[in-house]
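One structure is given below, encoded as structure tokens.
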Amino acid sequence: MLDKAPLGVSTIRLTVNGEAVTVSADPFASLANTLRDELGLTGTKIGCDAGDCGACTIRVDGEQACACLVSTGQAEGADIETVEGPGPDGLTEKLRKAFLAHGAAQCGICTPGMLMAATDHLARNPATSRAEIEDALGGVLCRCTGYLKIVDAILDVAGGSVLETPRAEGGNAVGARIARVDGWPKVAGTDLFGADDAPADALWMRVVRSPHARATFTLGDLDAVVAATPGLETILTHKDVPGENSFGIFPHTRDQPVFAEGHARFRGEAIVALVGTKEAVYGLSDTDLPIAWTVEPPVTGVGEARIDGAHVVHSGKPDNVLASGRVKCGDVEGARPTAAVIAEGRFETGFVEHAYIEPEAGFAVPVGDRMEITCCTQAPYMDIDETARVLGVEKSQVRIRPSACGGGFGGKLDVSVQPLLAVAARVMGKPVRIVYTRTESMSSSPKRHPAQVWARSSADGEGRLVSFELDGDFNTGAYASWGPTVAGRVPVHGMGPYKVPNVLTEARAIYTNETPAGAFRGFGIPQAAIAHETLLDDLAEKLKMDRWQIRRINALGNGDTTPSGQTLHASAGLPECLDALKPDWEAALQRVAEFNARSDGRKRRGVGIGCMWYGCGNTSVANPSTMRITLKQDGTLTFFNGAVDIGQGSTTVLLQMAADGLGLAPDQFDMVIGDTDLTFDAGKTSASRQTYVSGNASRLAGEDLRAKILKLANAGEDARLSLDGGTLTIADGQASRTIDLATLEADGEGIVLDGIGTWDPPATALDENGQGSPYGTYGFAAQTAEVEVDMRLGTVKVIDIVAAHDVGRAINPTLTEGQIHGGIAQGLGLALMEEYLPGRTENLHDYLIPTVGDIPPIKTYLIEDAEPTGPYGAKGVGEPALIATPPAILGAIRHATGVTVRQVPVLPHRLWESLNGESGS
Amino acid sequence: MAAYFRPTTLEEALAVRAAQPVTVLAGGTDVYPIRANKVGWGDMHRDDVLDISAIAELKEIEQTADRLRFGALTTWSQMRRADLPEAFAGYQAASRDVGGVQVQNRGTLVGNICTASPAGDGIPCLLSLDAEIELASARGRRTVPIQDFITGYRQTVCGHDELVTAILIPRPPAGAVGDFLKLGARRYLVISIAMVAAVIAADDTGVIHHASVAVGACSEVAKRLHDLEAALLGQPLASAPDLIEHAHFAALKPIGDLRASGHYRDSAARDLVRDLFVRLSAEPKRRAA
Ligand SMILES: Cc1cc2nc3c(=O)[nH]c(=O)nc-3n(C[C@@H](O)[C@@H](O)[C@H](O)COP(=O)(O)OP(=O)(O)OC[C@H]3O[C@@H](n4cnc5c(N)ncnc54)[C@H](O)[C@@H]3O)c2cc1C
Ligand code: FES
Ligand code: FES
């Protein structure tokens, strides 16, 4: 076939999951696209379209392949297996169950690729090993799980023993390792992510972005282009924005335009957008458009931004300083001279990309006067605010229906596709869809702030901290995004989780002409933690003290007061974390010493330790959540939960808490998640707040409904509920009452009873010296890392990590461990390999994140020092997981080599330069 | 929309090749990523496509008394699994570390050299094996030594009307053992910062009588280290790691890029070669072919 010169679409015959199918497609279209678009098999995901992520892994004639690298023409006559199929001998089915039981799928976007790579491997190597599994999965990236639970799940299937997940009864759901309740669609490949669904008549949208970091531009006759391009409906510019052409996070920082107006401030900024058929918008090149550029010298890095006479990125901020924050307590200048030892250093970190495997995508549908947007997001209610402003309509005119979210980590807190889609759908009066390319996602979405931090620390002769100072410039890029939050959080946390009587910490967010930096797991604190932990190691070294010991002496504990003046009355579990991993620390020191004594000097090992703290919830502002549970006449019990689950598991843990509040089993609930028309505002999925804040709301909603039921039944507190169809039974001691729900008065929707819970964490404003109680509670952790360094090549392999986390209460220990593993993997990436360079590492080929072979065994200790204000004692773990890892790794490198690294990532050549006394690059 | 040709014979393919400019498509593991990078910045232009993957005669691996012939569609996975002389152990090791299994299953050895990236892992292996590249066009066939095939950064002598049809490798000398080492910043799916390949043969008394050593990613085009090879000949294999001198690496011109600095590459190349020699001298016959 195809041996002539066919132009355009061909008819191609292939077998998919055992069925013969015929498709009409462009033979050069990737098989991934054809499976998804022509055959509706959206289980095959596209994370990069370039072979780098493996999310599209399928089997072609019994061998795993990236469907994005196979042409549809090459599939002629081939036998294709996708995640939708059962796999040879039902292998994929077995793997699905094991993945679910182990918590091996978090967001689930990598899961189809993982399942197919695993299916392929086990089909040919039934008796496998961990190392062989790693080889087989080496081509599939996962950003959420840290891979360990994935490999465990596959080993289970290979060994023929599949873990059973427990079923939780009413009243004992909290603490149970139940499978994620939204997990089955993820392992079945049926979950719908942003790019997986859209109305059949939706037009496509493609954004044309600035290739220049700073430039002015003029637009020529765009109408002529539209007229000359079949299938192209319109080219949108800033003139098409019906409302305000700006968005942002805070009322005073809405500085980013939907479409630039004559002036681009970073490479990747949206200039215009093409709307039309897919062929039309992907047929026209940017250079075919009449855009005349005048390139200007960009401001690169905070150093350039702060010199006198620097180009002013935003006219309202003549010094390019977007925001600053500080904490001052005691008298640093007076106290420092009394200290026995002082340590000081400068530290540098680069842009870090979230690298969620799902690029931004979604669609908008105009419904009457309203706009309904389905997309991947972490913050549906903030999306409403921004989209309504851009459309110039009331908030009630916008509905956000979050799709499944293939990872977020902070990067999907800002709007991306939402305002673009809204404008396009409004102008066209038709549904419009968009799917970002990997490069577009990376070049336009906010990053972790690059930081330049100076810090100085001092301690007395016993190792007790006397003073701590930190001054940090955080590169917030071209637009504000979450820059103010970073500038606010860093001073509060910048001294680390320690008792320090004299503190002066300051941080600034600085505008440049680089990619905007925003929220990323930890909001600037991972960068600061590298500074405070390295200095602590310096002090320990000067005092000839054990590094664990100096942390234990200074650790914040119950009853201590933070440098912000907040007394931690409970759940300050850092001392317990440190105590938990002390045996591991000592064993590691011993192990490392023995290894190094035997080593010929080429490879040396070291062990390091890092501690962290992190305030749960938004800093000093109200951030309430509201949850609702309804019970209908027919016995339908529904949990209306507005918190989006970006993989971290909120859908599951919030249900566990709601279920225990009510006293019925989690599997008796139906769920409605995060549709802004149907659920209440549960705030955004960030700041490690959903378990803590929305968890309380969920518990209260359950308790509210329970109280109403008990009242109706005149039953006591300890009564046991059971629900069977429309019959609700309340057993109170020997007495038992049955309520026929059909006999109760119902509202228009058949609801007879409901429970509502609202909760807002206690927090107070900070004064000009950063004094106050900015958070309701803090998460704490201590981690150790053991590394092996090749002293000649400068390569670092992390060989062991032990993590002790004070989580208050682990609502679902499997999911909690999953958060810790995933955070550690991201921390390892930050420490050793991740560096986003605009224009240079805009894909997952050049931007490296850890693969399955880079993650060491991780041992976790869950410290459950209950938080009295938390639901069932719980607090957040999402962000804490990442923060302690980089300093622990850097400490281990130093222990192994004697070299103190102050710049991350520690790429092999950087460490080599330090080892050889060369100036860094 | 551009045309897409999928001939089943070489003759037809060469006719298409001669008739118009086309993008040759084999395993697609370079063609598609390059396209994705362009589309990411709004460059939608594309040539007609000549998909050679259905040409049966390009799929064979043949071993004769004096040479081995790898058809142009031989994939990394086929190389990895093939039963080959010990001199190929390095090339086979490289095959295990190119991309992930997905890429190894589709990507071809020939596609790798046609892309001619400085970081192409196959190139130093082929240099160390004294490979020749067989090209065909409607005008006829020719063979070109690998060191002449790649002429610069992503440049080869493959003409617009030509296709590479095979890699030809002379049967290595008796006792020849190959090895390969690659350096990158993560475990899997990593583009080499530097890589080295060597084939060394020693006689029964352990004296080296054949040595070829090549280094990649440390110059525009991977290079053989002829001075080093000359220094090895006639010396005991066990002493090979100690014979390395800085001057032997003069042919390399490492540059700095986002993966590493030039200074570092220069130093790493020497360490990798030494490591490779240590492995080769420690266990000369350790591998099953
Ligand atoms: C995720 C990923 C990781 C990778 N990692 C590595 C790595 O670690 N090391 C490494 O070296 N490479 C790596 N690669 C690239 C490697 O897969 C390719 O170089 C591969 O070997 C190319 O073969 P192909 O058949 O896929 O070529 P294609 O993509 O089909 O073609 C590549 C080029 O060769 C031309 N071409 C192909 N066959 C012929 C022929 N017979 N005659 C003339 N021209 C021809 C094509 O026109 C094109 O220009 C990676 C690629 C990906 C996607
Ligand atoms: S989408 Fe195919 S590898 Fe990423
Ligand atoms: S679960 Fe693997 S990327 Fe989210």
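Things to note:
- Long-range amide H partners of A:THR234 with built H, under 5 Å: A:VAL275
- Assigned charges on the beta-carbon of Lys, Arg, Asp, Glu; region A:805-914 dipole about Cα centre (debye): 240
- Rolling a 1.4 Å probe over the protein heavy atoms of chain A, with every protein chain left in place, gives an accessible area that is 49 percent carbon and sulfur.
- Cα-Cα over 29 Å, subset of A:LYS45/A:LYS94; A:LYS45/A:LYS797; A:LYS149/A:LYS499; A:LYS499/A:LYS684; A:LYS412/A:LYS875: A:LYS45/A:LYS797; A:LYS149/A:LYS499; A:LYS499/A:LYS684
- Here the protein assembly as shown is treated as an ellipsoid with the same Cα gyration tensor; its semi-axes, largest first and in whole Å, are 48, 38, 31.
- Principal axis dimensions, largest first and in whole angstrom, of region A:306-429 by Cα: 71, 35, 27
- In the frame of its principal axes, region B:177-282 has Cα extents of 45, 28, 20 Å, reported largest first.
- The charge dipole of region B:177-282, taken about the Cα centre with unit charges on the Cβ atoms of Lys, Arg (+1) and Asp, Glu (-1), comes to about 540 debye, rounded to the nearest 20.
- Between 0 and 90°, nearest 10: helix B:10-19 axis offset from chain B longest Cα axis: 70
- Put a plus charge on the Cβ of each Lys and Arg, a minus charge on the Cβ of each Asp and Glu, and nothing anywhere else: the dipole of chain A about its Cα centre is then about 1540 debye.
- Note on region A:211-327: Cα-only Rg and Dmax are 17.3, 60 Å.
- Buried solvent-accessible surface, both chains (B, A), 1.4 Å probe, Å² to nearest 100: 5500
- Packing here is the average count of other Cβ atoms within 10 Å per residue, and on that basis the peptides A:88-101, B:203-216, highest first, run A:88-101, B:203-216.
- Structure-based [θ]222 nm, the protein assembly as shown - -39500 (n - 2.57) summed over DSSP H runs of at least 4, per residue, nearest 500: -8000 deg cm²/dmol
- In region B:52-169, a dipole from Cβ-located charges (positive for Lys and Arg, negative for Asp and Glu) runs towards its positive end, and of B:THR151, B:ALA54, B:ASN112 it is B:ALA54 whose Cα lies farthest in that direction.
- At a probe radius of 1.4 angstrom, the accessible area of region B:177-282 per residue rounds to 36 square angstrom.
- Cα lying deepest toward the dipole's positive end in region A:625-759, options A:LEU741, A:THR691, A:LEU723, charges on Cβ: A:THR691
- Rounded to whole Hz, the Karplus (6.51, -1.76, 1.60) HN-Hα couplings of region A:754-764, x for glycine and proline: 9, x, 10, x, 10, 8, 10, x, x, 7, 10
- Among B:51-63, A:648-660, A:616-628, sorting by the average number of other beta carbon atoms lying within 10 angstrom of each residue, highest first, gives A:648-660, A:616-628, B:51-63.
- Å³ per residue enclosed by the Cα convex hull of region A:746-897: 243
- Under 12 Å of direct C-alpha separation, and excluding same-chain neighbours fewer than eight residues apart, A:LYS544 reaches these aspartates and glutamates: A:GLU462.
- Note on region A:625-759: the C-alpha convex hull projects to 7.7 nm² when averaged across all orientations.
- Sequence-distant lysines (8 or more away, or on other chains) whose Cα lies within less than 23 Å of A:LYS317: A:LYS447
- Residues with amide H under 5 Å from that of B:PHE5, placed H, sequence gap 5 or more: B:VAL49, B:LEU50, B:ASP51
- Counting all C-alpha pairs of region A:10-81, share separated by more than 20 Å (%): 15
- Given charges at Cβ of Lys, Arg, Asp, Glu: the protein assembly as shown dipole, positive-most of A:PRO251, A:ALA881, B:ALA2: A:ALA881
- Global form of chain B, assessed from the alpha-carbon gyration tensor, a/c cut-off 1.5: prolate
- Whole-Hz Karplus values for region A:613-624 come out as 9, 7, x, 8, x, 6, 6, 6, 10, 4, 8, x Hz, taken residue by residue from phi with 6.51 cos²θ - 1.76 cosθ + 1.60 and θ = phi - 60°; glycine and proline positions read x.
- Residue by residue along A:799-810, Cβ atoms of other protein chains within 10 Å of the local Cβ number 0 on average.
- Of all accessible heavy-atom area on region B:177-282, the percent that carbon and sulfur account for (1.4 Å): 54
- Peptide-level mean, for B:134-146, of C-beta atoms on other protein chains within 10 Å: 0
The values are calculated or read from the model by the stated rules, or taken from the named source; none is laboratory data. No experiment lies behind these values; they were computed from the predicted model shown. Cβ sites come from the backbone with ideal geometry, for glycine too, and all protein chains shown count toward neighbours. For accessibility, only protein heavy atoms count, side chains too; no ligands or nucleic acids. Shrake-Rupley method; radii C 1.70, N 1.55, O 1.52, S 1.80 Å.
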